[in-house]
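Data block below; observations after.
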Amino acid sequence: MTSQKHTENKSDYQTPEVLDYIRKSFSQEDTRHTYILNQMQKRNLPAIQIGASEGKILQFLIQSCHAKKAVEIGTLGGYSALWIADALPQEGKLYTMEYDPIIATGTEKALQEVGLAEKVSVVVGDANKTLKTIEPFGPFDFCFIDADKISYPNYLFWAEQNLRAGGIVAADNAYLFGQVHLDPHTAGENAPAILAMQAFIKRLSDPSCFAVSAMIPTGEGLAIGIKK
Ligand code: SAH
Ligand code: MG
């Protein structure tokens, strides 16, 4: 008998039809999601927001650690912010960080329109700098990373410093669009992003840094970890 080195679930039943059925079952959107998505289209923002199923996974993570104070890095049109805010209790708070001031202003208005002016604060500027300004409101319970990939190691380091023990970090696009495994030495112009994502994965998967961590195999890769 040949010994198997790695166990991997080889089945792949994630057809578009199955995923659609599952999304309709677990991740129903309401008129506010539609409003935010319509506004994004009107404002010519790229449709690079998370999917509804991922929104529901974020909600699961948020409630599993009884989060009240959350941080999001990478706001765009506020679609993921809406999912996150909905999972927080009434007195909960989400700080969402957006680099682009025009995007931030429009999204602040959209979030106001869906009744989230109180619960969500949009913080404008490069998160590498602005995260410092929200530290006095910490420690935080949940942090969602979904901005410039090159900064993922910085953002993870910040999360480690500013999450409470038992708090959860989640990061979208952890497969780096199918390039996370490549050798940075032969990757040309993508090398910096690959190096960054590999450093991010190395740290997140290190049991001496995080109590438990894993990858949820969404299309983009949703990396998750529980702060020690
Ligand atoms: N989380 C959103 C999508 C975010 S797209 C959703 O799923 O709905 C990534 C966003 O990060 C963009 O709006 C981009 O302007 C922002 N961004 C990029 N670099 C950033 C930085 N250094 N600091 C803060 N935001 C940044
Ligand atoms: Mg993303």
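The values are calculated or read from the model by the stated rules, or taken from the named source; none is laboratory data. As the structure is a prediction and not an experimental result, all values here were calculated from the model. Counting neighbours? That spans all protein chains shown, and the Cβs are built from the backbone with ideal geometry, glycine included.
Observations
- Residue within the stretch 56-69 that is part of a helix (DSSP H, G or I), more than 22 Å from Gly221 (Cβ to Cβ) and small (Gly, Ala, Ser) present: no
- Test: Leu45 is within 21 Å of the chain's Cα centre (by Cα) and either hydroxyl-bearing (Ser, Thr, Tyr) or near ligand 1 (Cβ under 9 Å from one of its atoms) (or both): yes
- Residues in the stretch 24-49 that are in a helix (DSSP H, G or I), surrounded by 16 or more Cβ atoms within 10 Å (Cβ to Cβ) and either of a type in the set (Lys, Arg) or within 16 Å of ligand 2 (Cβ to nearest atom) (or both): 4 in all.
- Residue ID - surrounded by the fewest Cβ atoms within 10 Å (Cβ to Cβ), chosen from residues in the stretch 50-84 that are without any contact (Cβ under 8 Å) to a residue 40 or more places away in the chain and more than 16 Å from ligand 2 (Cβ to nearest atom): Phe60
- Cβ-Cβ under 6 Å pairs, at least 6 apart or on other chains, the stretch 26-38 side among the polar types (S, T, N, Q), far side at pLDDT below 95: none
- Condition met for Ser213 (of a type in the set (Ser, Thr, Tyr), away from ligand 2 (no atom under 14 Å from the Cβ), touching a strand residue (DSSP E or B) at 6+ places or on another chain (Cβ under 6 Å) and over 22 Å from Ser80 (Cα atoms)): no
- Qualifying position, being outside any helix (DSSP H, G or I) and more than 16 Å from ligand 2 (Cβ to nearest atom), among Gln112, Gln161, Gln90: Gln90
- Selection of the stretch 164-189 for residues being away from ligand 2 (no atom under 14 Å from the Cβ), touching a helix residue (DSSP H, G or I) at 6+ places or on another chain (Cβ under 8 Å) and in a helix (DSSP H, G or I) yields Pro184, His185.
- In the condition set (1) away from ligand 2 (no atom under 16 Å from the Cβ); (2) closer than 30 Å to Ser205 by Cβ; (3) in contact (Cβ under 8 Å) with a residue 12 or more places away in the chain, Ser121 is compliant with all but (2).
- Some residue of the stretch 113-132 being on the phi > 0 side of the Ramachandran plot and surrounded by 14 or more Cβ atoms within 10 Å (Cβ to Cβ): yes
- Selected residue (criterion: farthest from Gly178 (Cα to Cα)) from residues of the stretch 137-153 that are more than 9 Å from ligand 1 (Cβ to nearest atom) and either free of Cβ contacts under 8 Å to residues at least 12 places away in the same chain or surrounded by fewer than 21 Cβ atoms within 10 Å (Cβ to Cβ) (or both): Phe137
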